[in-house]
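Right, one structure below, let's go through it.
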Amino acid sequence: MTFDDLIRYKALHLKYVSSNSDLLDMVVEKNPAITADIPMKNVCAMITQQLFDDLTNACGLLDISKRQFIESAIIEALAKTQSILDAEGLHEYMAERFPAAQEG
């Protein structure tokens, strides 16, 4: 491990620990009924066995829950989607092309 690797690891570890990203998993694990008080939805999708195995292996290697991994991936994908839609002017295009649909 190089010096840069060590500093990067320590910096990222500190960011991770201070973000409390494990908190929701710990709370739900200890008291599943708590989700009744937190507005949450279950996201289900059929995926190939290979993709599931890859997800399981990656989460195991990184010691993170599938919920954390998937939530992070969805957040990043939605941000990228919004950025592309904005860059392409899709909302303006749709408003010009279909003005009645924007009123409802």
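What to note about this one:
- Scan of region 35-59 for residues that are of a type in the set (Val, Ile, Thr), in a helix (DSSP H, G or I) and modelled with pLDDT of 95 or more, ordered by number: Thr56
- Positions within region 20-49 being without any contact (Cβ under 8 Å) to a residue 40 or more places away in the chain and under 30 Å from Tyr9 (Cβ atoms), in sequence order: Asn20, Leu23, Met26, Val27, Val28, Glu29, Lys30
- Scanning region 85-104 for residues that are surrounded by fewer than 10 Cβ atoms within 10 Å (Cβ to Cβ) and closer than 30 Å to Asn42 by Cα turns up Ala101, Gly104.
The values are calculated or read from the model by the stated rules, or taken from the named source; none is laboratory data. These numbers were taken from a predicted model, which means no experiment stands behind them. For neighbour counting, all protein chains shown are included, and Cβ atoms are generated from backbone atoms with ideal geometry for every residue, glycine included.
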